[in-house]
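First comes the structure, then the notes that go with it.
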Amino acid sequence: MNMGKEPENPFVLSGYYGRKWFCNRDKELNELTRHIKSDRNVVLYAWRRLGKTAIIKQLFSDFEESGEYECVYADLMVTQSMPEATEAITKAVFNRFGKTSSGISSSIQRLLSKVGVSLRFNEASGVPEIFFGLQRPKSEKQSFDALGDFLSNRKKRVVIALDEFQQVTSYENVNAEVVFRNWMQEFPDIRFIYSGSHRSLMTSMFSDKSRPFYKSSQLLPLEPITEEDYREFIVNHFSENEKTIDSATITELYEWARGQTYTVQRICNYLFDYYEEATVEKLQVVFDKLIDQDKPMFASFQKMLTKVQWKVLKSIAKEEPLENPLGNEFIQKYALGASSSVQVALKSLQKKEIVIKEGDKFLVHDVILARWLQTL
């Protein structure tokens, strides 16, 4: 897997560069590897910004390097229908297998023809691109059968990751779960990783008896990286670049970020960029900088939400973590009104994934949003 140039800042905020810039996850990687090698499909789920995509990319890098598997990654996040999902998966397959040293293979050309895709060359770069024209197959099943046949007939076993898989539950006019479940059953040689950021929806899809994917795959939740593991990772990168960071600073940044992978990375990225010696005092400057950067976006929340939703959101942030949002003590403390109104507002905030429930505690999902709300 080609990672390209090394990052100048070791605390990367997007993309995958290699194991050196990937913090631990050895336990989860081992579990994923065992499941795949034992022919078990996997459901990898966690709230956003905990590093699901990064662990998939690391797993795929290990598999490709060992030569055991060929790997395909398809992101369904922006898809809104089965045709769009088919396009996303087809593009992912083409990006992985379509460009060979000898040009476009006959097998990939046959696949593209079956799913209603044509090839054209970018006039500026001369690079071949796939184009979805008007000639589409009569059914999505035809496309999935063609994709399944192509992947199953590869010399090596194929692992395909479908990221943000909960998106398929929103497709209209089709039971997408049935289509994807049938695809998995009809092509048992392919290993599937279903990744999603809506914990309750993902677990329901695979553990509800009335749903197509019931008990079809192994559930693997992704928890925050421990402070101990992050401490070693942070210290190593600072010291390798002749910079320092003390223990108290790491503890404070980890707690402020709630251990949320992206937020920890973002804080460290700024500390590494601005300072040779990172301290608690300098950490506060970074906190303020991050809040100021995101404040214009956060300010729009008040316009997007109802008055009750806005008040409930602010109150949850100030109480972090909140255990009983419908309790009289909480409602009266923040003058939120009737408990029924709070309940409706809370459900709406959870549906939008602005508020999440971890165990028995409610939190504002975006850590920096929560820290800003706490200042109001």
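Structural remarks
- Heavy-atom accessible area per residue - the stretch 1-76, 1.4 Å, Å²: 48 Å²
- Residue pairs exceeding 28 angstrom between C-alpha atoms, taken from LYS295/LYS361; LYS243/LYS361; LYS52/LYS91; LYS27/LYS314: LYS243/LYS361; LYS27/LYS314.
- Counting protein heavy atoms only, the chain has 47 percent of its accessible area on carbon and sulfur, 1.4 angstrom probe.
- Over 19 Å apart at the Cα level, from the set LYS37/LYS57; LYS114/LYS156; LYS57/LYS155; LYS99/LYS155, are LYS114/LYS156; LYS57/LYS155.
- When you restrict to C-alpha pairs under 8 Å that are six or more residues apart and normalise by the size of the stretch 159-223, the relative contact order lands at 36 percent.
- The separation of the stretch 289-336 from the stretch 351-371, counted between C-alpha centres, amounts to 10 Å.
- Note on the chain: GNM, Cα springs under 10 Å; of LYS289, LYS215, LYS352, the largest mean-square fluctuation is that of LYS352.
- DSSP loop GluC sites (Glu not before Pro) with at most 13 other Cβ within 10 Å: longest gap in the chain: 9-122
- Accessible solvent surface per residue of the stretch 194-323, calculated while the other protein chains remain in place, 1.4 angstrom probe, Å²: 49 Å²
- Amide H to amide H, with H built 1.01 Å from N, LEU219 comes under 5 Å of VAL43, counting only residues 5 or more places away or on other chains.
- The distance from the alpha carbon centre of the stretch 209-258 to that of the stretch 29-62 is 15 Å, rounded to a whole number.
The values are calculated or read from the model by the stated rules, or taken from the named source; none is laboratory data. Source: prediction; values computed, not measured. Glycine also receives a Cβ, built like all others from the backbone with ideal geometry; neighbour counts cover every protein chain displayed. Just the protein is used for accessible areas: all its heavy atoms, side chains included, with ligands, DNA and RNA removed. Shrake-Rupley method; radii C 1.70, N 1.55, O 1.52, S 1.80 Å.
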